[in-house]
Every structure is written in structure tokens, then in C-alpha cells.
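A short worksheet on the structure shown next.
The values are calculated or read from the model by the stated rules, or taken from the named source; none is laboratory data. Predicted model, so just to flag it, every value in this text is computed and none were measured. So basically every Cβ, Gly included, is an ideal-geometry build from the backbone, and we count neighbours across all protein chains shown.
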Amino acid sequence: MVVTSATYMEEQPMLSVRNLNKRYGQGCKHCETPEMLPVNSNRCSHCGSVWACIDVGMDLYKGEIIGIVGESGSGKSSLVKSLYFDEEIASGTATISDYKGGEADIFSVSAQQKRYIRNYLMGMVYQNPWMGLKMSFSSGGNIAEKLIAAGTYHVGNIRDRASELLNHVEIPISRMDELPENFSGGMQQRVQISKALANNPPVLLLDEVTTGLDLSVQARVLDLIRKIQREFGVGMIVVSHDLGVIRMLADRTMVMRYGRVVEQGLTDQILEDPGHAYTQQLVHSLL
């Protein structure tokens, strides 16, 4: 499918985020709101608090991959961790079309409802597999944990689903009962992906999933992500500092710096004709 901006205007977004703000630190009278900080910084020089995300907004559509790129500390990882409720936000709203008709702000619902959203409607793949997997559980056991949290208790059904998912990410079924701590980094990431997909969530969040992997392993993981997008129609947000990864995966791209979105648009347009000086710097550093 050729992706254009008009492609998405006719659909309802799977995920909509508006004016998301995330702060680390208590803040002070000099940084009560992010508008009080200079444009070229997101750290308060008085108390050291950091506004990691400043008025971030985005729409994610079915089967679309949005890439978020920026240097370390730009706020891109804080954004996806906030969406997955790993981090508390300061303000902002987000809706999911498959949750209460897309009318409820997911940040305002109860802790029980947030667990429901995490278990049924979102999957998360972390840069460090040790954050997304329990290394004391087998590979199948990690998938079982996600299934049980969503109300699947039949042992036979759980093992069948775990086998199906591990096979999909090219993990030998013979290793289903093996601890992931014995696996390579690339295999651990693939187990993480299978766990995230356990309950067929419509939204998948991936945070620097190829960082630290050998190039050949990176290529296999990226191919797997594309395969999942084609076969399941999952909407994905892919965070990376690597523009090569973004170029390969993303339909649209957001560029973040100092917690702010400085540029966004179709990936080809962003990478071939960047408008913002910072994006130009990023693109030229890749060449």
C-alpha cells in the first residue's frame, strides 16, 4: 500500500495522544510549566527537574508504523513508557479506539482498567529484554504470564498459544521450556515480541529493540517486525536513535528534541527533505 496523509484521514485513529507532558523531578517556581523553560532546553537550571515530554500529540492508525527518532534524552522512550503506564504523566490525554469506543481518556481510568489496557490492548517490547521478560520463567512461561493476566487459564490452550507464537518468531518449540537467560540477545528480543503479541493487542510499542544487537541479528528482528505488521495489521510505535531502522520500518516519523516534537511527516519526506535544522543534522550524520 502506498501511504499518503489522505490514507489516514478517512479512518479513526487506533491511538490518539494529545498534549502529553511528562516531568521527572518535583519542579519549582521556575519550571511549573514547560513553557517556562527555554526552547533549547528541557531541564530546569534551578532545581534540575526535566520535562521529558512537552505537549506531545500523535495519531496512530491500524497497520501503521510511526517512528520516533531523536538523540538520547529527547523524550522518545519516556513517551512510550508513559503510554504503557510505566511512567506517570503530568498532564495530557490519550484514547484507544478499541477501548470504550475511543471516548475514554486512558490516563484517567482506574488502575484496574489500566491493567486491562496493558493486558489486552497494548504490547511493549523494551530495549533491555530483562525489563520485559522474567528470566526465572521459561520462554513459554513468560507468554503464559501474559495470557493468564488476560484470563486464559487452560494449560493446553496456553501451551498451544505459546507454541504458535514462538514458532512465529522463529524460536524452536524444543526450547519453549528453556529459560530465556540462556538465549542470545536477538532470541530474547524475539521472545519479548511473542509475549507482547500474546493477546493480539492492536497497538505495539517498541523501544530501541535493535540497540546492541549484531547487524545480522538486527536485520532478522526488523524483518520480523515488518512480518507482524503485514500479517496482523498491528499499529506500532517504534522508538530508535537509528535513522536506518526508521527508514526501513516507519510509514511516518516524528523527530523529538528536548522533549518536544520538532518535525513530523511521511518518513521519506522527513529523511529526504528535512525542514528543521535539527532533523537536517540527524540526516546528514547518517550520510
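Quick notes on this structure:
- Hits in the range 163-179 (condition: assigned to a helix (DSSP H, G or I), touching a helix residue (DSSP H, G or I) at 6+ places or on another chain (Cβ under 6 Å) and in contact (Cβ under 8 Å) with a residue 24 or more places away in the chain): LEU165, LEU166
To keep it simple, each residue is scored yes or no on (1) at pLDDT 95 or above; (2) not charged (D, E, K, R).
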| position | (1), (2) |
| --- | --- |
| ASN200 | no, yes |
| THR210 | no, yes |
| VAL217 | no, yes |
| LEU222 | no, yes |
| ARG230 | no, no |
| VAL238 | yes, yes |
| THR253 | yes, yes |
| LEU271 | no, yes |
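- The set of residues in the range 200-234 being surrounded by 23 or more Cβ atoms within 10 Å (Cβ to Cβ) and either assigned to a loop (DSSP other than H, G, I, E, B) or among the small types (Gly, Ala, Ser) (or both) consists of PRO201, VAL209, THR210.
- For ASN182: the one exception among (1) touching a residue at least 24 places away in the same chain (Cβ under 8 Å); (2) of a type outside the set (Lys, Arg); (3) in contact with a Lys or Arg (Cβ under 9 Å, 6 or more places away or on another chain): (1)
- Residue check, TYR24 under 28 Å from ILE246 (Cα atoms), surrounded by fewer than 16 Cβ atoms within 10 Å (Cβ to Cβ) and among the aromatic types (Phe, Trp, Tyr): yes
- Annotation: of all residues in the range 36-46 being within 13 Å of TYR258 (Cβ to Cβ) and exposed (fewer than 13 other Cβ atoms within 10 Å of the Cβ), the one that is farthest from the chain's Cα centre (by Cα) is PRO38.
- Candidates ARG159, ARG190, filtered to the one that is closer than 18 Å to ILE148 by Cβ and not in a loop (DSSP other than H, G, I, E, B): ARG159
- Test for GLY67: is it under 22 Å from GLU208 (Cβ atoms) and in contact with a Ser or Thr (Cβ under 6 Å, 6 or more places away or on another chain): yes
- Restricting the range 228-244 to residues that are touching a residue at least 12 places away in the same chain (Cβ under 8 Å) and within 16 Å of ARG190 (Cβ to Cβ), the residue that is farthest from the chain's Cα centre (by Cα) is PHE232.
- Annotation note: of PHE183, PHE137, the sole residue that is of a type in the set (Phe, Trp, Tyr), in contact with a Ser or Thr (Cβ under 9 Å, 6 or more places away or on another chain) and surrounded by 14 or more Cβ atoms within 10 Å (Cβ to Cβ) is PHE183.
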